[in-house]
Amino acid sequence: MRHEELLPRDAPVRLIDETGTTVDDDHYALPDNGTLLRAYRGLVEGRRFNDQASALVRQGRLAVYPSSHGQEACQVGAALALSDGDWLFPTYRDAVAIIGRGVAPADALVLLKGDWHSGYDPATHRVAPQATPLATQLLHAVGFAFAARHRGEDTVVLALCGDGATSEGDFHEALNFAAVFHVPVVFFVQNNEFAISVPLSRQTAAPSLAHKAIGYGMPGQRVDGNDVAAVLAVLGEAVDRARSGGGPSLVEAHTYRMQAHTNADDDTRYRSRDDVRAWEQRDPLLRLRAHLRGAGLLDDAAEERIGADAERQAAALRDALNTDAEHDPEDLFRFVTTGRSPQLEEQWRMLHDELRRASAAETGGTR
């Protein structure tokens with residue numbers, strides 16, 4: 001590709017504006033009506049999931065929850081842009097995208113509950129375990145895509161990260177390897193303006209994060225991350241390019257984290273309420289609803305059905321997380337390696353003895 005073709009646009013791609021009005025674009029087409037309706041359902045269910053998960057934290061049923069409230073268009077678009085055989089490599093904030101790939105809502109929260117690692121079978125859903133360390137999953141995504149190509153598969157890997165992850169060394173290594181070896185992976189950066197409390201201005205001096213792509217020799221593109229139609233169009237093109245042998249791409253979605261980083265964060269210390277309220281006018285759910293209503297594709301009855309389905313999912317999620325799981329302490333050692341090493345065996349025996357003494361003390365006897 002020529003250098004000019006690697007550069008992103010000056011302004012993010014947009015197909016539907018804040019009022020729900022279609023924006024003409026010479027390159028990207030509006031997704032078909034059926035896809036937009038599926039996306040709207042995903043936005044409604046994703047918003048309800050975010051709100052329910054946040055409530056479960058307050059009830060003590062979740063240890064922590066990093067909400068993607070306001071970023072649901074990125075989440076839904078990521079899930080819908082992939083084919084069944086493709087893979088998603090998510091971060092800790094991407095539970096809505098994980099659910100969009102078919103993972104049960106309760107299973108998507110197992111990690112954040114402090115229970116089992118992952119909580120779902122990655123191979124069944126083609127979703128890698130959620131990654132809490134920044135950017136580590138990008139290396140795993142590139143390695144997986146590299147292996148898939150060597151096996152002769154047409155698998156595309158979509159690797160998610162935030163703006164803060166672009167400051168990590170793993171980000172550089174992943175993009176450089178992917179570009180040099182022409183790996184079928186799409187890097188999707190959800191730029192929500194803050195890495196916890198660190199603003200984007202302290203992450204990069206580049207015109208945009210998408211401009212980083214040209215330094216690696218891959219195309220970059222910017223997209224309005226609150227416009228699910230544009231997200232679907234831009235990601236769809238990048239996925240198709242990777243599948244056809246065109247190599248990796250970097251897509252930057254401009255969005256905003258409407259709520260605190262997690263329940264442990266006080267976002268009033270680093271941003272104003274006026275800034276947050278300004279982004280409320282760009283809500284991805286309200287934007288697509290206005291478009292579908294204006295096009296005659298969504299009526300009161302359809303909205304009621306979609307809302308009722310979202311409420312049923314929220315109720316099932318509450319029921320699932322209100323059930324305490326039974327744990328076997330030996331599982332901490334059982335699944336570390338195929339054969340347990342002498343060191344692990346010794347550690348297990350120490351824990352086993354400690355648990356036995358504790359149990360005896362509670363019952364007032366000895367065993």
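Quick check for me: using +1 on Lys/Arg Cβ and -1 on Asp/Glu Cβ, what's the dipole size of the chain about its Cα centre, in debye to the nearest 20? The partial results should precede the final answer.
Working: 38 positive and 54 negative charges, 80 e Å.
Here the chain has a charge dipole of around 380 debye.
Report the calculated FRET efficiency for Ala11 and Ser197 (r = Cβ-Cβ distance, R0 = 22 Å), to the nearest 0.05. Working from the Cβ atoms, E equals 0.20.
Against the chain, whose longest principal axis is taken from its Cα atoms, helix 169-180 shows a tilt of about 60°.
Once the chain from Gln59 to Thr21 is taken as fully extended at 0.36 nm per residue, the excess over their C-alpha distance is 9.7 nm. Loop-located trypsin sites (Lys or Arg not before Pro) across the stretch 124-184 with a Cβ neighbour count of 12 or fewer within 10 Å are Arg151, with loop assigned by DSSP. Each residue, Glu168 and Asn263, gets one label point 7 Å from its Cα in the Cβ direction; the gap between the two is 2.4 nm.
If R₀ is 22 angstrom, what is the calculated FRET efficiency for the pair Ser244 and Glu4, using the beta carbon separation as r and rounding to 0.05?
Between Ser244 and Glu4 the formula returns 0.60.
Were the residues from Leu344 through Ser359 laid out at 0.36 nm apart, the gain over their Cα-Cα distance would be 3.2 nm.
Measuring between their Cα centroids, the stretch 217-275 and the stretch 318-341 lie 34 Å from each other. All other residues whose Cβ lies under 10 angstrom from that of Thr136 are scored, Lys and Arg at +1 and Asp and Glu at -1, for a net of -2. Remark: spin-label model distance His327-Glu304 equals 4.5 nm, labels positioned 7 Å along the Cα→Cβ axis. Our note on the geometry: Cα centres of the stretch 150-187 and the stretch 41-97, 22 Å apart. Model label points for Arg312 and Ala123, set 7 angstrom from Cα along the Cα-to-Cβ axis, are 3.2 nm apart.
Where a number appears in this text, it was derived from the coordinates with a stated rule and is not lab data. Note that this is a predicted model, so its numbers are computed, not measured. So basically every Cβ, Gly included, is an ideal-geometry build from the backbone, and we count neighbours across all protein chains shown.
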